[in-house]
1. Would you mind giving the average projected area, over all directions, of the Cα convex hull of segment 283-438 in nm² with one decimal?
2. Rounded to two decimal places and with Rh computed the Kirkwood way over Cα pairs, what is Rg over Rh for segment 305-360?
3. Taking segment 384-454, which trypsin sites (Lys or Arg not before Pro) meet the DSSP loop condition and have no more than 16 other C-beta atoms within 10 Å?
4. How much of the DSSP beta bridge set in the chain is antiparallel, as a percent to the nearest 5?
5. Quick one: putting +1 on the C-beta of Lys and Arg, -1 on the C-beta of Asp and Glu, what dipole do you get for the chain around its Cα centre, in Debye to the nearest 20?
6. Once amide H atoms are placed 1.01 Å from N in the peptide plane, what residues at a sequence separation of 5 or more from SER291, or on another chain, have their amide H within under 5 Å of its amide H?
7. What GluC sites (Glu not before Pro) in segment 228-278 are in a loop by DSSP, with at most 16 other Cβ atoms within 10 Å of the Cβ?
8. Could you please rank ASP329, ASP373, ASP64, placing first whichever residue has the fewest other Cβ atoms within 10 Å of its Cβ?
Amino acid sequence: MVDGTALERELFDVGKRLAGALPTTRNPLKAIDDKAMDLASSDAELKAALFRFVDVVPATRNLDDLARHLTGFLGEITEPPPSVGVAMRMGNSKAGRRALGLAAAAGVKHMAQRFIVGESPKAALGDLKDLWKDGVASSVDLLGEATVTQAEAQRYAERCVDALDTIAGAARSWPERPQLERDSVGPLPRANLSVKVSALTPLLRPDAPERGKRDAADRLRPLLRRAKEAGAHLHIDMESMDSRDAVLELILELLGEAEFRDGPSAGLVLQGYLRDSPQTLDTILGWLATSGRTPSLTIRLVKGAYWDHELVQAAQHGWSAPVFDVKADTDANFELLTRRLLDARPAVRVAIASHNLRSVSHAIAYNRLAGGDDSDLELQVLRGLGDPLQAAIAAQGLRVRTYCPVGDLVAGMAYLVRRLLENTSNESFLHEQARGVPLEVLLAPPAGTVHHRVGAA
Ligand SMILES: Cc1cc2nc3c(=O)[nH]c(=O)nc-3n(C[C@H](O)[C@H](O)[C@H](O)COP(=O)(O)OP(=O)(O)OC[C@H]3O[C@@H](n4cnc5c(N)ncnc54)[C@H](O)[C@@H]3O)c2cc1C
């Protein structure tokens with residue numbers, strides 16, 4: 001049993017060390033990105049205009065068209081900041097629009113490159129190898145979600161097979177990195193792919209889940225087979241609530257099939273912003289106790305990326321929201337789930353995915369005080385958002401895995417908008433950190449209504 005006071009003390013030490021290891025070198029292009037994000041965070045109308053613009057960029061025909069869209073959206077802002085006034089004046093002439101279109105296209109492309117590693121798995125190999133050499137593992141995510149036709153779903157499944165082969169093939173020649181390749185349960189695959197069920201079937205609907213599950217299963221089974229042959233890890237992402245139950249049932253049913261009982265290495269995602277996430281964890285742990293599957297199941301704990309969407313959906317249908325509405329409650333529940341997951345090893349391999357220094361430090365500290373080895377905890381970050389934390393975690397000799405989206409800008413738009421929303425949210429940890437909130441405040445326990453006391457699972 002871990003003592004709450006000792007946990008807070010250890011957590012603060014871990015957090016201070018991680019904060020001290022955050023790289024301080026500033027990339028000038030990133031500084032411009034951050035400035036644009038700051039501006040968007042402080043002005044709701046500007047933020048809405050920019051997001052609508054980012055969303056239409058892939059559909060624009062030429063630079064003139066691009067500039068017209070930009071000035072159209074910016075023109076709706078009632079009190080534009082000076083930089084917006086300059087852009088609007090540029091939109092008055094053909095030459096000005098061309099220059100504005102060029103600058104806007106370059107800006108969006110640059111922003112996307114911050115979050116996306118390459119247009120194809122092959123193009124991403126250089127970055128993946130560099131990360132590995134720096135002591136950072138990766139999980140590749142092929143952009144393109146929520147397919148609408150069978151042909152698109154088939155294409156996505158084929159791209160996944162290609163990604164598994166390409167990455168597993170290349171990873172064989174990477175240098176040894178013991179801290180990334182083994183925990184106390186055994187070896188960890190070098191190649192790791194994250195997939196979305198909504199991209200594997202156009203039929204995933206909350207009102208007819210069985211049809212969607214059957215259709216997705218026909219594409220997921222060959223992927224599991226390929227991952228097993230290639231010695232790769234396959235991770236199933238979690239999306240919004242309307243597909244949550246179908247996705248969870250699908251994964252547990254497939255992994256329970258005789259052919260997958262001894263592999264591949266596989267995993268799923270638990271979302272801590274969902275009020276019923278402790279019950280979901282009960283279901284998963286119950287399944288683990290009876291399924292007869294031998295490899296540990298990797299569980300990636302996240303807070304959840306569809307918070308705004310869940311609130312809007314619930315309001316439209318007159319339902320009560322499935323997500324917490326106070327940020328501190330999500331944070332406290334995340335800590336509670338972290339402790340339960342760490343206590344459930346070795347049936348589960350725990351991956352804590354967060355950019356929040358408190359959430360990450362809490363997992364490291366609890367694991368240590370509960371007698372766990374550092375190698376039995378994986379920390380995960382998103383490319384472009386978690387780069388400094390990734391470097392700090394790797395510098396402490398801990399295992400970190402970076403989620404690396406691969407694909408083109410058109411396919412990546414929904415992903416990009418989610419990341420921008422996250423980065424400009426006033427409640428986000430990264431935003432607070434960037435505002436210079438003191439370390440003691442950043443590392444303080446979440447003051448929500450969810451009981452976060454240690455031992456109160
Ligand atoms: C490697 C990796 C993989 C991921 N995979 C997935 C995935 O498969 N599925 C998925 O859904 N997400 C996924 N995410 C995204 C994740 O869910 C979070 O959106 C993101 O990490 C931000 O959370 P944080 O802990 O880093 O930051 P924090 O700033 O501490 O937390 C932000 C989060 O808090 C929650 N929140 C914000 N405002 C409120 C509020 N008012 N009330 C209650 N809660 C609030 C939201 O979940 C928001 O994303 C992944 C993240 C990482 C790092």
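The numbers here are math on the coordinates, done by the rules we state, and not lab data. Quick caveat, the model's predicted, so the values are computed rather than measured. FYI the Cβ positions are ideal-geometry reconstructions off the backbone, even for glycines, and counts take in every protein chain you see.
1. For segment 283-438, averaging the hull's shadow over all directions gives 11.7 nm².
2. 1.08
3. ARG435, ARG453
4. Around 5 percent antiparallel, to the nearest 5.
5. Numbers: 55 positive and 60 negative charges, 217 e Å.
The dipole of the chain has a size of about 1040 debye.
6. none
7. Taking segment 228-278 and a limit of 16 other Cβ atoms within 10 Å, the loop GluC sites (Glu not before Pro) found are GLU257.
8. On the way: ASP329 20, ASP373 11, ASP64 15.
In order of increasing Cβ crowding within 10 Å: ASP373, ASP64, ASP329.
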